[in-house]
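Inspection log for the structure reproduced underneath, given as structure tokens.
Read-outs: derived from the displayed coordinates by stated rules, not from any lab. Computed from a prediction, not measured in an experiment: that's the story for all the values here. Cβ coordinates were reconstructed from backbone atoms using ideal geometry, including for glycine residues, and neighbour counts include every protein chain displayed.
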Amino acid sequence: MALPPGFLDELRSRISLSQVVGRKVTWDQRKSNQGRGDMWAPCPFHQEKTASFHVDDRKGFYYCFGCHAKGDAISFVKDSENVGFMEAVEILAREAGMPMPARDPKAQEKADRNSLLAEVMEQAVQFFRLQLKTGAGAEARAYLARRGLDEAALERWEIGFAPDGWQGLWDHLRGKGVAEDLILEAGLARASNRGGKPYDTFRNRIQFPIRDGRGRAIAFGGRAMSPDDPAKYLNSPETPLFDKSRTLFNVGPARVAAGKGAPLIVAEGCMDVIALSEAGFGASVAPLGTAVTEHQLQLLWRIAPEPVVALDGDKAGLGAAMRLMDLALPLLEAGQSLRFALMPEGQDPDDLLRAEGPEAVRARLEQAVPMVQLLWQRETEGKSFDSPERRAALDKALRERIKAIRDQSIRTHYGQALKDLRWELFRTRPKAKGGQARRPWVKGAPPPAVPMPSTKASPLVSGDGSAQDWLREAVILVTAVCTPAVVDEFETGLERMTCSDPHLDRLRDLVLRHHHDGPDRLRAEIDRELGRDALEKLTRHRHVAINPAPRAPGNLDLARMTLAEELAKLESRRGLTAEVAEAEEDLTGAADEAVTWRLSQAAEMRNRAERSETEDKAEYDTGDNGARISRQERDAFASLLERISYSKTRR
């Protein structure tokens, strides 16, 4: 319908935005200045306790500094009443005493027809309510009583009963003069395929009226009384009034309750919603016989920014949560998401309420997990990641999932959250005998001294193995900071690299957590966590500064070659030390062939390390960063061989 020019401007000038909004909020008298039209209140669109919702009555606009909702009186009525644009205009025009312009004849005819259908639906509501009070409804009343619904609750929810007959409602409505085509179009009866009288859609069922956001009865949900009925629950068919993909049960009262601060809860069915509401959870809704649709999800977000999905604690409930998560991921916006509260195994919210009371449900709702946690659970629960291939498969699956998120900022935050969860999962240390964590190379060794830049004698020449490790770790981490794009390729190696110094260990953690944020953000995080001069001091260290990779930030090939080489040399040297230390630990009595074999393996590692030493010495002589097997390690190895020989002689 086209409105004449100037109609909306006239409408806005006649109404007070603060009066329109005032029906939904309680003004903060301390912050508000009514004389200036400067009004403040807790936001009706998201749950909060502070007054961050601002109305400028003179300009006719509102804005929330929390959820960023903004608009004029028309948009406020649209969002708060869950109505379309023209319906919002009609509501405000009635308040302002302005007659609506003449409608298009076809649109007027459609509106009039819908009004007639709504009247027929109201007559059906009253018929079903009366039937529940008759002898035919005795069994239904007993069932509802067992579900904890007293007489007052039955009246509040207008629950009724469809008698077990083919034309009970049909005959009643026809007797009231309702036209046959209206009964059929409202979905209350179906035409017979055999040429007979139409028959009632609902028979021998408990009836729950379904109302839209304006309070009109638009459909019914029927719960079968007979266990032999093929459909336990049956909803009205699609009609001009009812589109089940765009409708939520109890949406009107839930919107009001959510506006007063109640958490918006999404349950699976009508009985769950009724039970939750009767227990004090007034902002409860449910889809109608199908999974939540995109339209319903957008409707939920118009009511509250973070609805809590309360699903049955069984496989089907968890499956429904996963499908809803997949639907929601592409639609996420800042401050707009879902949380998931799974009920105990085999229970729905109604079961939990009757078994343990409202506090048990409240506890479940307070423990609701964010979507990212549910995503992680789906990809990891019941799975083993004991091989690089399985870990790589997990990484690939997670990357594919978050690709669905359209919002770049949210996608980045999801990636970081999943990286943190992955870090916790794989952040394991080797265990010594007795279950205590230990370093894998020298059990019980004291923390190594950190070489200072002012040291004249090079640690590479002095042969201190701990200092060599420190230098390699420093080169690796500075290279990663200078070229963070290389980290993904070496993520597993960096995770397994146990640093010789707690400062380097912290730096490694920051690199793994923030490398996706780019070099500038990564450096900013390092400066914030470790101090502004920590990275600079490390980079100025001679044996870091002479390495080509830190001198060429962004050179991916050079960074890749440096990390591959340095990580391999670290692993080789520490592997030798670990073999020697563990063999020495086992040498508590006479040497046996197993220990001798292990020493032979260590000897082979020593030979490889010494070959690497020659190469590293050449690199060092030409100015490149290298490291040699230390003299202390060679002496320790020789001493251990002598002890083996002495043990064999005594044996």
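Here are a few things to note about the model shown:
- Protection proxy ranking of 191-204, 537-550, 469-482, by the mean of other Cβ atoms within 10 Å over each peptide's residues and highest first, is 469-482, 537-550, 191-204.
- A crude spin-label estimate for the pair residue 396 and residue 568, with each label 7 Å from Cα along the Cβ direction, gives 2.5 nm.
- The distance linking segment 249-328 with segment 113-191 is 26 Å (Cα centroid to Cα centroid, whole angstrom).
- Peptide ranges 219-228, 42-51, 175-184, 381-390 listed from the most packed, as the mean C-beta count within 10 angstrom indicates: 42-51, 219-228, 175-184, 381-390
- Exceeding the 24 Å Cα-Cα cut-off - candidates 106/176; 315/383; 383/403: 106/176
- Here's how it looks for residue 235: its modeled amide H is under 5 Å from those of 222, which are all 5 or more places away or on a different chain.
- Mean-position separation - Cα centroids, segment 21-77 and segment 384-424, in angstrom: 40
- From the Kirkwood radius over Cα pairs of segment 259-428, Stokes-Einstein at 4 °C and 1.567 mPa s returns a whole-number translational diffusion coefficient of 76 µm²/s.
- Shown here: segment 229-343, whose C-alpha atoms stretch 44, 33, 29 Å along the first, second and third principal axes, sorted largest to smallest.
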